[in-house]
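Below is one structure; the comments refer to it alone.
The values are calculated or read from the model by the stated rules, or taken from the named source; none is laboratory data. If you're wondering where the values come from, they're calculated on a predicted model, not measured in any experiment. When we count neighbours, we look across all protein chains shown, and the Cβ atoms used for this are built from the backbone with ideal geometry, even at glycine. Please note that ligands, DNA and RNA were not included when accessible areas were found on the heavy atoms of the full protein model with its side chains. Shrake-Rupley method; radii C 1.70, N 1.55, O 1.52, S 1.80 Å.
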2 protein chains.
Amino acid sequence: MGMKCIGVDVGGTSVKLGIFETTGELVDKWEVTTRKEEGGRHILADVAASIREKVSSMGLDLKRDVVGAGLGVPGPVMPDGNVEVCVNLGWHNVNPQKELSGLLDGLPVKSGNDANVAALGEMWQGGGKGYGDLVMITLGTGVGGGVILDQKIVAGRHGLGGEIGHIHVREDEKEYCNCGGQGCVEQICSATGIAREARRKMESTDTPSSLRAYGDAVTAKNVLDAAKEGDGLALEVMAVVSRYLGLALSQIALIIDPEIFVIGGGVSKAGQFLIDMVQKDYDHFTPISPNKPKLGLATLGNDAGIYGAARLIL
Amino acid sequence: MGMKCIGVDVGGTSVKLGIFETTGELVDKWEVTTRKEEGGRHILADVAASIREKVSSMGLDLKRDVVGAGLGVPGPVMPDGNVEVCVNLGWHNVNPQKELSGLLDGLPVKSGNDANVAALGEMWQGGGKGYGDLVMITLGTGVGGGVILDQKIVAGRHGLGGEIGHIHVREDEKEYCNCGGQGCVEQICSATGIAREARRKMESTDTPSSLRAYGDAVTAKNVLDAAKEGDGLALEVMAVVSRYLGLALSQIALIIDPEIFVIGGGVSKAGQFLIDMVQKDYDHFTPISPNKPKLGLATLGNDAGIYGAARLIL
């Protein structure tokens, strides 16, 4: 039996945990509720207790059998592990990696932003396996990103590394994004953005469409399913989404030129259909060379975070 | 007397060379003509002969006193030092670092793309001194870029790292860029682009302007000088340039978030006036956080290449 490492992915509702062989196999995974009361002060104690329980239930010893734990945090993490503010958890000026290490008898603990950590997970055992330079784009409720170069997270000097969702791409956008900008990638390519674009197109055109049955309750999944069936309006929506996602990918390619882009998040369940659309737009915006980063799909789903967190400590 | 290192910046017309203390002081610099005939096969022999001559004229010994030489090449350089094609020099499938090392009795030689190498030079002894993560943007005849993270060049996996001039930013551009795209940063923010934008504005508006005296021969320098004097049309031109440069910087900030941007090249001679304009647009496109990479000016001018080349070998 080899050495183990632990991955902890702290979310606003639940904390996901996993125990891994250091070679990358997931041995067991579980969850605990995120107790956000009192400024989130119980979260790490709950995590530590849960880790102790799991380790001992497996007949393992924390000191002897576990090399360390990694921690994904839903907010910016400074290079020294400090978290100034984490709105989702209520944390202010904490150093969760130091704290968790203290709660686990000095076990080595490293932390990182959750989107970056998920990218690391996909590199280790997911859609980016075998690649050292990758950028992951997560198309969910929002759009997140994680940049990995030379197998290491590029968190940036001000916590802005991988904030791909807030790149300005659309010139004619009038509505504001949460970040205060207009025309961000997230406003178009997130699940929320796709549904919004569908509502707009239903209002502004007379194109008949199966989506009209959903009215204002239309979802990104409805749009993607209808687009795959050839629905004209849904395809128009996806042409917009694909164009701006392809544009953002081209910008990344022309700045850091990774080996591969890994597309994840709920929207990526549309699979190769989405990749094929985006590839055309991405190629359109990178005429400079036929040799460029590949596009691929994430494969770890919601487990990317625990994989990446565990990889942090290796 | 400390150890020395040599920086070689190969250009299409001349090769610039410099000999440095390994602590960063430039001891001497000189140039030789770039002999491009016969597929550029004499270039490296000329460089080697010139280095030998200089080293011995200084009473130094290549083996004893020089740690190595770095080489900036005006084209893509693969990680193993191979250069598939370098149009400006006539090179095809050469490995200039291996070749130059052979010509210098096995002296260690490392090579890199010239724009990346210039960025490394600015990090070592120029506008980026003291910073480990920086992106340099060179606004010259074209627009070049160099990305440095953790004191190392990010050349990219397909030679596209730092190709910031070919990021698509302008949606309404009808003309094509050399790269085959439309609306590239280079089409707007290079000296060529600035002059073109001025010609367009002179044609399409009746705004009185001191620039009209130059007619079609208007240059970027004319535009910058007139803008500093408050000329309305010149300021309109610079507003366009600044907007798209600020947009490109925002994209880089939201992907890799360096410590500082260093703006160089002929256009950057406009100095703080240019920086102040661009800062406003850059801030506009990064409302997400007040903490972001700084903007600064390059300070090494045409010597950035020899500095960076010498730094390559350290």
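Quick notes on this structure:
Here's the yes/no breakdown for (1) of a type outside the set (Ser, Thr, Tyr); (2) in the same structural domain as A:Ala248 (by TED's automatic domain parsing); (3) modelled with pLDDT under 95:
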{"residue": "A:His158", "(1), (2), (3)": "yes, yes, yes"}
{"residue": "A:Tyr176", "(1), (2), (3)": "no, yes, no"}
{"residue": "A:Glu197", "(1), (2), (3)": "yes, yes, no"}
{"residue": "A:Met202", "(1), (2), (3)": "yes, yes, no"}
{"residue": "A:Thr207", "(1), (2), (3)": "no, yes, yes"}
{"residue": "A:Leu211", "(1), (2), (3)": "yes, yes, no"}
{"residue": "A:Asp216", "(1), (2), (3)": "yes, yes, no"}
{"residue": "A:Lys221", "(1), (2), (3)": "yes, yes, no"}
{"residue": "A:Ala234", "(1), (2), (3)": "yes, yes, no"}
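- For the condition over 19 Å from the mean Cα position of the chain (by Cα), open to solvent by 60 Å² or more (accessible area, probe 1.4 Å) and within 14 Å of A:Ala309 (Cα to Cα), A:Pro79 does not qualify.
- Taken over the range A:289-308, the criterion of being more than 18 Å from the chain's Cα centre (by Cα) and surrounded by fewer than 22 Cβ atoms within 10 Å (Cβ to Cβ) is satisfied by A:Ser289, A:Pro290, A:Asn291, A:Lys294.
- Looking only at the range A:258-279, and only at residues there that are touching a residue at least 40 places away in the same chain (Cβ under 8 Å) and not hydrophobic (A, V, I, L, M, F, W, C), the one that is nearest to the other protein chains (Cβ to nearest Cβ): A:Glu259
- Pairs where the first residue, in the range B:168-188, is closer than 21 Å to B:Val267 by Cβ and more than 9 Å from chain A (Cβ to nearest Cβ) and the second is modelled with pLDDT under 95 and open to solvent by 20 Å² or more (accessible area, probe 1.4 Å), C-beta under 6 Å, 6+ apart: B:Glu186/B:Gly142
- Listing of strands (runs of 3 or more DSSP E) fully contained in the range A:86-186 that carry 1 or more residues being touching a Ser or Thr at 6+ places or on another chain (Cβ under 6 Å) and open to solvent by 10 Å² or more (accessible area, probe 1.4 Å): A:109-113, A:143-149
- The lone exception for B:Asp283 - which of (1) in contact with a Pro (Cβ under 9 Å, 6 or more places away or on another chain); (2) more than 8 Å from chain A (Cβ to nearest Cβ); (3) crowded, with 22+ Cβ neighbours inside 10 Å it fails: (3)
- Filter pass, A:Gly142 being more than 9 Å from chain B (Cβ to nearest Cβ) and at pLDDT below 95: yes
- Yes/no for B:Phe261 being outside any loop (DSSP other than H, G, I, E, B) and surrounded by fewer than 18 Cβ atoms within 10 Å (Cβ to Cβ): no
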